[in-house]
Amino acid sequence: MRRSVMIGTGSYIPTRRIRNEDLVTREFFADYGKPIEREKNPRVVETFQKITDISERRYVDDDLVASDIGTIAGKRAIEASEIDPETLDYVIVAHNFGDIRHDNRRSDFVPTLAARVKQSLEIANPECVAYDLPFGCPGWLQGIIQADYYLRSGDATRALVIGSETLSRVCDPHDRDSLIYADGAGATVLEARDVGDDQGLLAHAVRSDTLEHARLLWMGSTYDVKTVSDGLYLKMYGRKLYEYALSTVPGVVTKSLERAGIEVARVKKILIHQANAKMDEAILARLFKSHGIDEVPEGVMPMTISWLGNSSVATVPTLLDLVLRGEMPDQSIEAGDVIVFASVGAGMNVNAVVYGWV
C-alpha cells in the first residue's frame, strides 16, 4: 500500500539559554496597567515553573530569523534522508509570524518563508512547490497531513515539512505568559513508499473551533501602558486554553486511532505539543482513562519542555529528531512502533496523526 514514510529528520536548537532566574528582574503586570510588585517576582517565577515545568528556554541569536533556522533544520533533515534535494516535490514551512528581525520586530512574509528556505537550500527545480502554512502551534503536523495527501495521490514522491518560529520576538516581556515562549525549528522529509499494514502514516484527525474559541490567543499591546509603542504581542487566556485542550485533544487522538484501527494500548510513543507539562499529563491521563486504562504507560510521552520551552510549530518535530538521534535519555523509536503525534494551538486548532514506524 502506498503511504507516506518519514525518512529523515533535523532540528535547530538555539544556543542562547534563558533560565527562569534570568527573568526575575523583569517588571511584570497582571493585566493592562496592573503591575506586580517586583519583590513578588521570585514567587511568580516559582509558581510558573511548578505549573508548566519550564525552567529554561532557548532564544535565537540577534542575527537569525525563522527562515534561517528553518533552513538549518531542513538541511539536516535532507542530509539524514540521504536524498537529492532536487527530487523534492514540496517544501512546506509552518510558522505564525514570518521572519522578524531583532532590530525591526514586524512580521515579514514576502517572499514566503518557504521560498526563502528553498532558495537557501539552493533547490533549482521549479516543480518543487514551496509554500507557507500558518495554523497555530499544530502547523508542522498539519503540513505533514497535507504532504500525505500529495504523496498518496501519486502526483508527488517527496516533501520537506518544516516548523520554524521565533516567539521571543513577539512575546510581551511584561506579561507572565511570555515565560512559556521559545524559539526553534524542526524538519522532516516524507517519501511515498509501498509499505505493509500498519506502516507509514496510517490516519489523522483535525478540528477547528473558531466560533467560541478563535481568540483564546490573540495579538495585543504590551501590558506596560507607560510604554509608547505600536507593537503587537502574543497574548492568551491561559486557563481557558488549558480547559479547551483538555476537552478536545483526547477526542481527536481517539478519532485518529479509530480511523487507523489501532488500540491505544499499542501506542509506544505520544509526541505531543508542549506548552505546559501539567496540561499534557492531564490530556494523556484523560485519553487513557477513556479507553479503560487507569495508568499512563511509563515513558510513553517524551518531554523537552523543561529545557526548551514552547517553540510552537517546532516543538513536535524537534522532539522527534532528538529521540531519533538518541539525545533523549531512555527514549527510542523502533521499527514496528506505533507513534501518535498531537498538537493544539491558536485558532483554536487540534490535530493528531497515527504513524507506524518503518
Give the number of residues within the stretch 240-267 that are surrounded by fewer than 17 Cβ atoms within 10 Å (Cβ to Cβ) and outside any helix (DSSP H, G or I). 2
Conditions (1) part of a strand (DSSP E or B); (2) under 20 Å from the mean Cα position of the chain (by Cα); (3) more than 30 Å from Leu23 (Cα to Cα) -> Gly186 fails only (3)
Please note which strands (runs of 3 or more DSSP E) are completely contained in the stretch 1-113 and include at least 2 residues that are over 23 Å from Trp218 (Cβ atoms). 2-12, 16-19, 56-59, 90-94
Testing Ser178 on (1) closer than 21 Å to Gly220 by Cβ; (2) part of a loop (DSSP other than H, G, I, E, B), one condition comes back false. Which one is that? (2)
Within the stretch 137-153, is there a residue that is surrounded by fewer than 23 Cβ atoms within 10 Å (Cβ to Cβ), farther than 19 Å from Gly98 by Cα and in contact with an Asp or Glu (Cβ under 9 Å, 6 or more places away or on another chain)? yes
Taking the conditions exactly as written (farther than 21 Å from Phe341 by Cβ, touching a helix residue (DSSP H, G or I) at 6+ places or on another chain (Cβ under 9 Å) and in contact (Cβ under 8 Å) with a residue 40 or more places away in the chain), does Arg158 satisfy them or not? no
Verdict on Ala80 being buried (at least 22 other Cβ atoms within 10 Å of the Cβ) and modelled with pLDDT of 95 or more: no
Can you work out which of the residues in the stretch 42-61 that are of a type in the set (Asp, Glu) and under 22 Å from the mean Cα position of the chain (by Cα) is surrounded by the fewest Cβ atoms within 10 Å (Cβ to Cβ)? Asp61
Given Val316, Val296, which one is outside any loop (DSSP other than H, G, I, E, B), β-branched (Val, Ile, Thr) and outside the structural domain of His95 (by TED's automatic domain parsing)? Val316
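The values are calculated or read from the model by the stated rules, or taken from the named source; none is laboratory data. A quick note: this is a predicted structure, and the numbers were derived from the prediction, not measured. Backbone-built Cβ (ideal geometry, glycine too); neighbour counts: all protein chains shown.
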